[in-house]
Amino acid sequence: SPYFKGLFASVMRDANADCLSIADTEPDVFEQLLLWVYMGEVAEAALQAKGMLEHLIMAANRYECDGLKLLCEANLCEGLSVENVATRLVLAEQSAADQLKEACLELIKPNAAAIMGTEGWKDVMAAGMELVNEVLALVVGAATGGKVKDKGKKRTADEAGLSAQDAE
């Protein structure tokens with residue numbers, strides 16, 4: 001992992017330290033992350049454990065283990081449902097998991113009304129208006145990606161396709 005290579009090569013690190021404290025990752029999650037780093041695999045049972053994939057994708061993102069992140073994304077995409085897609089969309093956004101985010105958006109588009117009624121939709125709302133706007137733009141067929149073309153640019157009535165009478 002580029003993260004660990006940088007960490008262990010850093011001149012800021014105490015060369016005499018014989019341990020490294022990782023406080024932001026649960027031990028069982030970090031164990032799977034290390035298994036991935038050293039062996040290129042994770043325990044199948046760990047992938048099936050409740051909540052493990054969600055924690056593991058966040059750790060893979062944080063510690064720059066791209067292969068593990070892709071594995072987690074693929075597994076999370078397989079289990080998408082109306083009940084969990086909103087929460088997983090937020091997870092995809094937080095972990096920069098583009099493949100998972102795309103799969104979530106594809107499921108949301110035809111099921112938006114049902115999904116907006118789930119508990120998970122509260123997570124989307126709490127994640128911020130940029131994500132909410134992206135979902136709503138997708139549902140109504142507007143441009144997505146969180147970017148608005150010509151944002152802030154003032155246009156004349158002609159440029160906007162309005163007649164002078166409409167502009168008044």
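Some points to look at:
- Apart from one condition, residue 118 fits all of (1) open to solvent by less than 20 Å² (accessible area, probe 1.4 Å); (2) assigned to a loop (DSSP other than H, G, I, E, B); the exception is (1).
- You will find that of 142, 96, 167, 92, the residue that is open to solvent by less than 70 Å² (accessible area, probe 1.4 Å), out of contact with any Leu (no Cβ under 7 Å at 6 or more places or on another chain) and at pLDDT 90 or above is 96 and no other.
- A single entry from 107, 136 fulfils the requirement of being at pLDDT 95 or above, surrounded by 13 or more Cβ atoms within 10 Å (Cβ to Cβ) and of a type outside the set (Gly, Ala, Ser): 107.
- Residue within segment 25-48 that is among the small types (Gly, Ala, Ser) and either surrounded by 12 or more Cβ atoms within 10 Å (Cβ to Cβ) or modelled with pLDDT of 95 or more (or both) present: yes
- Test for residue 59: is it closer than 22 Å to residue 31 by Cβ and of a type in the set (Gly, Ala, Ser): yes
- Among the residues examined, residue 11 does not qualify as modelled with pLDDT of 90 or more, in a loop (DSSP other than H, G, I, E, B) and open to solvent by 20 Å² or more (accessible area, probe 1.4 Å).
The values are calculated or read from the model by the stated rules, or taken from the named source; none is laboratory data. Source: prediction; values computed, not measured. Cβ coordinates were reconstructed from backbone atoms using ideal geometry, including for glycine residues, and neighbour counts include every protein chain displayed. The accessibility values were calculated without ligands, DNA or RNA, using every heavy atom of the protein model including side chains. Shrake-Rupley method; radii C 1.70, N 1.55, O 1.52, S 1.80 Å.
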